[in-house]
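**Student:** Below: one structure in structure tokens.
The values are calculated or read from the model by the stated rules, or taken from the named source; none is laboratory data. Being a predicted model, the structure only gives us computed values, none of them experimental. Neighbour counts are summed over all protein chains in view; Cβ atoms, including those assigned to glycine, are modelled from backbone coordinates with ideal geometry.
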Amino acid sequence: MERKGIIVSGAALIDRIKKIHHYPAEGSLVDIRQTTFSPGGALCNVLLDLSRLDPSIPLRAVGVLGEDELGDRTYAALMKAENADLSGIRRRGSASYTDVYESEATHQRTFFHHRGANSLLDVGDFDFAGCSSRIFYIGYLLLLDTLDEPEPEYGTRMAKLLCRARQAGLETCIDVVSLETDRFARVCVPALRYTTYCVINEIEAQRITGIVLRDENECLLEGGVRPALEKLIDFGVSKWAIIHTPEASFGMDTQKQLHREQGVKLPAGYIQGTVGAGDAFCAGVLCVTHQDGLLPDALHAGNASACAALRMPGAAEGILQLSQALLLYAQLHAGQYDFANQETQSGSARWIP
């Protein structure tokens, strides 16, 4: 069977993105400068990103959305991925949503999340029988309560799901959410045994592996990247382990060859929003894996896709077709990005190739 296409699954929600000047101390007040509603979560973001990066890839969505107005909004957002099959979407419970407070001073985000319907997603919502897709992607571990539950044979229900996907002939790709929890190793390590591509950030990698990747001054400790990637491979990742950071992205194959892609120093005023940049990076990687590309090309495409996403406040609004995202990325690397050659839409810069 010739395999083509990507199944995109996991958390689907509405982000209510609220820009503030700075994050206040507990008990104090700060003005909300701007509020934007945007689809969010791995399912929404990666599905929409992939549909824009490469419209030729057949996409199928699998997830659980709430039976309420926010669930309707989420489903309407998924419908914008015109090349996606939404027959795997189920409606149960109340919608998942996140209030995202983004500091204009630091561009850091703080999340207040209602888990809602995402917590109901389970192994039984997936049917891989006769599936001709090539890749099964799911995110985020630690945010899908039922799938994160222990399972006696596989370790977790997520690991059982990934094993079933592999047995059906699919490659698997996982992403993790950054939470303050001690469950990283307990939930993530069993899943890594059945993971083809692991795409996570440095904070998640640090908490899974126990190897420190940022110091107390928030400086990236690149010396820890190789051992962290090696540990992910040793946990069972069967093709590529990838760690993305603002400074650079790093990848390792099962021969433990390390690859590094330098990040771009973005011009002042370029970043309009950081929500969904990690999902955009993952979507860029998935485009290359679907094309049988090489790991260095995947890191390059991931960085390019993330840079495109940063141009707009919402998670997927800034995504370009991959060829255009790569051109934009090259211009940014060369210092040739010209704000004078921009259109403005809703107060945000929009790139014109």
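**Student:** Kindly indicate whether TYR23 is over 19 Å from ALA316 (Cα atoms), modelled with pLDDT under 95 and of a type outside the set (S, T, N, Q).
**Tutor:** Numbers: over 19 Å from ALA316 (Cα atoms): yes; modelled with pLDDT under 95: yes; of a type outside the set (S, T, N, Q): yes.
The answer is yes for TYR23.
**Student:** Also: Within region 229-236, does at least one residue satisfy the condition of being touching a Cys at 6+ places or on another chain (Cβ under 8 Å) and buried (at least 22 other Cβ atoms within 10 Å of the Cβ)?
**Tutor:** Yes: one or more hits.
**Student:** Mind listing just one residue for me: the one in region 68-96 that is touching a residue at least 12 places away in the same chain (Cβ under 8 Å) and aliphatic (A, V, I, L, M) and, of those, surrounded by the fewest Cβ atoms within 10 Å (Cβ to Cβ)?
**Tutor:** Ranking the candidates gives LEU86 first.
**Student:** Sort through ARG73, ARG60 and tell me the only one that's assigned to a strand (DSSP E or B), in contact with a strand residue (DSSP E or B) (Cβ under 6 Å, 6 or more places away or on another chain), over 16 Å from VAL275 (Cα atoms) and basic (Lys, Arg).
**Tutor:** Matching residue, one of ARG73, ARG60: ARG60.
**Student:** Out of the helices (runs of 4 or more DSSP H) lying entirely within region 159-254, which hold 3 or more residues that are closer than 21 Å to PHE128 by Cα?
**Tutor:** In region 159-254, the matching helices (runs of 4 or more DSSP H) lie at 184-192.
**Student:** For region 248-257, state whether one or more residues are among the basic types (Lys, Arg), on the phi > 0 side of the Ramachandran plot and in contact (Cβ under 8 Å) with a residue 24 or more places away in the chain.
**Tutor:** Looking for residues that are among the basic types (Lys, Arg), on the phi > 0 side of the Ramachandran plot and in contact (Cβ under 8 Å) with a residue 24 or more places away in the chain, one finds at least one in region 248-257, hence yes.
**Student:** Also: Within region 140-158, how many residues turn out to be part of a loop (DSSP other than H, G, I, E, B) and free of Cβ contacts under 8 Å to residues at least 60 places away in the same chain?
**Tutor:** Of the residues in region 140-158, 9 are part of a loop (DSSP other than H, G, I, E, B) and free of Cβ contacts under 8 Å to residues at least 60 places away in the same chain.
**Student:** Another question, then. If a residue must be at negative phi and not in a loop (DSSP other than H, G, I, E, B), how many such residues does region 1-17 contain?
**Tutor:** 9
**Student:** Within region 185-222, which residues are aliphatic (A, V, I, L, M), closer than 30 Å to GLY169 by Cα and either crowded, with 21+ Cβ neighbours inside 10 Å or touching a Pro at 6+ places or on another chain (Cβ under 6 Å) (or both)?
**Tutor:** Hits for region 185-222 are VAL187, ALA191, LEU192, VAL199, ILE200, ALA205, ILE208.
**Student:** Condition test on GLN291, is it in contact with a Pro (Cβ under 9 Å, 6 or more places away or on another chain) and either among the polar types (S, T, N, Q) or surrounded by fewer than 16 Cβ atoms within 10 Å (Cβ to Cβ) (or both)?
**Tutor:** So GLN291 fails the test.
**Student:** Looking only at region 20-42, how many residues end up being part of a strand (DSSP E or B) and over 21 Å from the mean Cα position of the chain (by Cα)?
**Tutor:** Residues meeting the conditions: 5.
**Student:** Sticking with this one: Quickly run through region 255-266 and pick out the residues that are surrounded by 16 or more Cβ atoms within 10 Å (Cβ to Cβ) and part of a loop (DSSP other than H, G, I, E, B).
**Tutor:** GLY263, VAL264
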